[in-house]
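K.L.:
What follows is a structure written as structure tokens; I'll ask about it next.
Readers should treat all values here as calculations from the given coordinates under stated rules, not as data from a laboratory. Everything numeric in this text was worked out from a predicted model, so none of it was measured. Here Cβ is always computed from backbone atoms with ideal geometry, including for glycine, and neighbour counts include all displayed protein chains.
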Amino acid sequence: MLLVITDEDWYEDAGYAAAWVRALEEQGAEVERLARVPADWPVAGPPPGRYDLAIAHVLVEEVVAYAPTFALATLLEAAGVPLLNPVTSLVASADKLVTHAVWAAAGVPQPAAWDLARVREWPMPGRRMVLKPSLGDGARYVELVGDLDAARAVEESWRADEAAGGHRRGTSLLQEWIAEPACARVFATPTSTSLVYEKSREEGALVTHGTVYPRVYEAPPEMAQLASRMVAALSGGLMGVDVLVEPDGRLVALEANAPFGFDVTDPEQGRWVARAALDVAGRAAVRRAAA
């Protein structure tokens, strides 16, 4: 197995690379790590048959900036190395505008969303809406706004921060506000799902916080089906998806993460994602043998 992940100090300390390696090795896999294209590959190419699967943990910012990890993932896919999440799914899940459009085409239930730049009248009269950037993660820069003037004032502050060297936000999205939902994180493939890890959110808060899960439970059939549809529509192999559960029980797709962080202190999460990744590798090996 090849883990494609940055080796920058600011991310290494998060522990995700070590957790991936530990979980995969505990399942019997041999794991290599690369953060960029090796010096000899432009001449020799990737070693033929060396990798059964590449796990491209490419962050949103790296997709936008065409960073070394994304370039390496693209090279591997073009050279025929199976990727846990293909390059298409890395890009589609990195940009929330693209994600929503793909899900809309697939009929996946989701909060309605609009590109702020194309909005001339408030899409949901009398209701506040969520303003969020199409790029980024960790619930950064998500705000509740009541009209176009407020939304555009927030967007203006984003652009000023970008111009000063801040995070790139991408398209500004206006999204239907789901009030007081439960937010469930599910690790999912197109055919299977993990346990449900309900995220912690204070009453009245717009976003969740931390990695504390007040409830962990088996995915009900409807939620499991939705989580798998979310991944399949994006052509993914294994993603961490967020599902909102409205107070009346309606389920809607919020977002999907191709590079996802799992709780490094929870061995069960690590075991599940490692086994799911190895299943993808096994199916890829069968296809190669039959070709």
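K.L.:
Where Rh is the Kirkwood radius over the Cα pairs of the range 113-176, the temperature 37 °C and the viscosity 0.692 mPa s, what D in µm²/s does Stokes-Einstein return?
P.N.:
D = 277 µm²/s.
K.L.:
Still on this model: Which value at 222 nm does the chain reach when only helices count, each DSSP H run of 4 or more adding -39,500 (n - 2.57), with the total divided by all residues and rounded to the nearest 500 deg cm²/dmol?
P.N.:
On the way: 10 runs with 108 residues, N = 291.
Here the helix-only value at 222 nm equals -11000 deg cm²/dmol.
K.L.:
Using 1/(1 + (r/R0)^6) with R0 = 25 angstrom and r between the beta carbons of Ala79 and Gln27, what's the FRET efficiency to the nearest 0.05?
P.N.:
Here the calculated transfer efficiency is 0.50.
K.L.:
Quick check: pseudo-label points 7 Å beyond the Cα along Cα→Cβ at Thr88 and Glu121, how many nm apart are they?
P.N.:
Output for this residue pair reads 3.7 nm.
K.L.:
Pick from Pro247, Pro42, Pro111 the residue whose mean-square fluctuation is largest in a GNM of the chain, springs joining Cα atoms under 10 Å.
P.N.:
Pro42
K.L.:
So, one more: Across 10 Å bins from the origin, how do the percents of Cα pairs in the chain run, short distances first?
P.N.:
Going from the shortest bin to the longest, the percentages are 6, 27, 35, 22, 8, 2, 0.
K.L.:
How far apart, in nm, are the 7 Å Cα→Cβ label points at Asp266 and Trp10?
P.N.:
2.7 nm
K.L.:
Name the trypsin sites (Lys or Arg not before Pro) in the range 207-291 that are in a loop by DSSP and that have at most 12 other C-beta atoms within 10 Å, would you?
P.N.:
Arg250
K.L.:
Something else: For the pair Val43 and Tyr217, how long in nm is the line joining their label points, each one 7 Å along Cα→Cβ?
P.N.:
For Val43 paired with Tyr217, the spin-label model returns 6.0 nm.
K.L.:
How big is Rg to Rh over the range 201-252, alpha-carbon atoms, Rh as the Kirkwood inverse-mean-distance radius?
P.N.:
Answer for the range 201-252: 0.98.
K.L.:
For the range 113-176, what's the relative contact order in percent, using C-alpha pairs closer than 8 Å and at least 6 residues apart?
P.N.:
Relative contact order of the range 113-176: 53 percent.
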